[in-house]
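Take a look at the structure below.
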Amino acid sequence: MTPVELRQRIDGYFWRLDQERQFLAHLAAALIQPHTKKRIKGTDLYKPLSFKKGSTEPKENRLKKFEEVAKRLAKKETERSEGNGGKTG
């Protein structure tokens with residue numbers, strides 16, 4: 001499987017998951033509605049994910065988050081290696 005095909009499968013999975021959650025939100029709203037005075041819609045209970053192109057975070061933000069996670073992982077790895085006397089395994 002190519003990286004493009006993998007990405008398409010992942011996007012499809014999250015799209016289906018989002019559709020199911022939207023359905024459940026509308027179902028829950030219909031069940032709650034008779035017991036409240038305020039009108040409740042499914043979109044009040046669940047905000048759909050955005051699947052539009054260009055709706056992702058800017059590259060700079062993603063790179064910043066990646067670097068933060070990499071630093072945390074490196075810190076954990078050094079703590080782990082120092083904890084067992086520098087021995088691996």
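One table, with the values for the structure above:
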| quantity | calculated |
| --- | --- |
| Every pair of residues 6+ apart whose Cβ atoms lie under 6 Å, when the first sits in the stretch 11-29 and is assigned by TED's automatic domain parsing to the domain that holds ARG39 while the second is β-branched (Val, Ile, Thr) | ALA29/ILE40 |
| Sole exception among (1) without any contact (Cβ under 8 Å) to a residue 12 or more places away in the chain; (2) surrounded by 13 or more Cβ atoms within 10 Å (Cβ to Cβ) for HIS35, by number | (2) |
| Residue selected from the stretch 1-38 under the condition of a type in the set (S, T, N, Q) and not in a helix (DSSP H, G or I), by the criterion farthest from LEU49 (Cα to Cα) | THR36 |
| Single residue of the stretch 51-89 satisfying the filter (loosely packed, with under 10 Cβ neighbours inside 10 Å and within 30 Å of ALA28 (Cβ to Cβ)) that is modelled with the lowest pLDDT | SER55 |
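The values are calculated or read from the model by the stated rules, or taken from the named source; none is laboratory data. The structure displayed is predicted, hence computed values, not measured ones. Note that each Cβ is placed from the backbone with ideal geometry, even for glycine, and that neighbours are counted across all protein chains shown.
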